[in-house]
Each structure stands twice: as structure tokens, then as C-alpha cells.
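Just so you know, all these numbers are worked out from the coordinates, no wet-lab data involved. Keep in mind it's a predicted model, so treat the numbers as computed, not measured. No Cβ is skipped: glycine too gets one built from the backbone with ideal geometry, and neighbour counts run over all protein chains shown.
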């Protein structure tokens with residue numbers, strides 16, 4: 001499971017490199033890679049965080065040593081990371097709703113962190129350490145992108161086409177004007 005997560009993470013980084021280098025297909029690869037990572041966290045987060053191998057996901061014996069609370073917590077972390085990666089994809093693609101998606105993801109990661117810190121103070125398990133690593137990585141990136149002004153982001157994303165940035169800014173300033 002960790003190999004799959006690593007492969008998906010590397011594919012996200014490569015897709016972003018292509019996207020920000022203005023190489024054709026970089027945008028669609030960004031969408032595919034981030035969507036795949038989001039779906040992975042959503043559906044397999046419970047197994048990933050509980051160190052259940054992929055081949056044993058559907059075997060009941062794999063979960064006998066894992067408490068119900070830990071499984072529910074892992075599902076919650078998977079949902080939070082899925083929401084955050086979806087928000088990151090929206091922001092990287094400059095799609096409408098990126099701020100809302102990132103906000104939901106950051107809030108969900110904040111809740112996961114609070115619960116995780118409470119549980120970690122009672123039981124210093126490596127389970128929580130693995131979760132905190134991912135929460136810090138995705139949370140820091142999401143918070144950074146959440147507070148970057150839209151104009152700054154557009155200037156960076158479309159740095160090779162300032163006329164397009166100017167047209168986008170005019171369209172954002174007057175959303176009712178169909179000609180813009």
C-alpha cells in the first residue's frame with residue numbers, strides 16, 4: 001500500500017512539473033494523478049494507515065488486532081486527505097471552488113490533528129506518527145495555497161501570457177459581462 005501511495009505521490013509531482021512547464025498534457029495528467037491519489041486515500045486509507053497489505057484487505061483476519069476506533073480514525077484521515085488532495089487539484093487547475101475545497105480539506109485535517117494529538121498523548125503509537133507526517137505535508141501545502149491571493153496565483157500559473165492574466169482579471173472584476 002505504501003508503494004502505491006509513493007507512486008501516486010511521485011506521479012502528482014511529475015504532473016505538476018509538466019503542468020507548470022507548459023508542456024501539453026500537463027493539465028490532464030495533473031487531474032488524473034491528483035484524482036487517483038484522492039480516490040486512493042478515500043477508499044484505501046483505512047488499510048494504509050493500519051498497515052494492512054493490499055492482498056489482505058478483504059480478509060476479516062487482517063482486522064482482528066485493530067480496534068474499531070482505529071479503523072474509524074483511519075477512515076476519517078482518508079476522507080480528510082482525499083478532500084485536501086481534491087482541493088489541491090482544483091487550485092492547481094485554477095478551477096472555481098478551489099478555495100472552498102481547500103478550506104474543507106484544511107478543516108478536516110485540523111479535526112484529524114486535534115483528535116490525533118489527544119490520542120497520541122495517551123498512546124505514543126507509530127500509527128499516529130504516520131498520520132501526522134501526511135497531515136503536516138498536505139496541510140502545509142493546502143494552507144499555503146489557500147492564502148495565496150488569486151491574482152498572485154494567476155500571475156504565476158500564466159506567467160508566459162500576461163495578456164491572458166489581464167483578461168482573466170477583468171473577467172473576475174466584472175463577472176456579469178459576457179463579452180469578457
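Apply the a/c threshold of 1.5 to the C-alpha gyration tensor of region 1-104 and tell me whether it is rounded, prolate or oblate. Oblate.
Gap in Å between the Cα centre of region 7-48 and the Cα centre of region 84-158? Comparing the Cα centres of region 84-158 and region 7-48, I get a distance of 15 Å.
Measuring how big the chain is from its alpha-carbon positions, Rg and Dmax come out at 18.9, 62 Å. Taking the chain as the reference, fit the longest principal axis to its C-alpha atoms, fit the long axis of helix 98-122 to the helix C-alpha atoms, and give the angle between the two in degrees, 0 to 90, nearest 10. Relative to the chain, helix 98-122 is tipped by roughly 20 degrees. Note on 85, 30: ascending count of other Cβ atoms within 10 Å places them as 30, 85, the fewest first. Rg and Dmax of region 45-104, both derived from C-alpha coordinates alone, stand at 15.2, 45 Å. The fraction of all Cα pairs in region 125-168 landing in successive 10 Å bins from 0 to the largest distance is 25, 30, 22, 15, 8, 1, given as whole percents.
Taking 0.36 nm per residue of sequence separation and removing the Cα-Cα distance, the residue 2/residue 172 pair yields an extension gain of 57.0 nm. What number, rounded to the nearest 500 deg cm²/dmol, is the helix-based mean residue ellipticity at 222 nm of the chain, given -39500 (n - 2.57) per DSSP H run of at least four residues and division by all its residues? Taking each H run of at least 4 residues, the total per residue is -26000 deg cm²/dmol.
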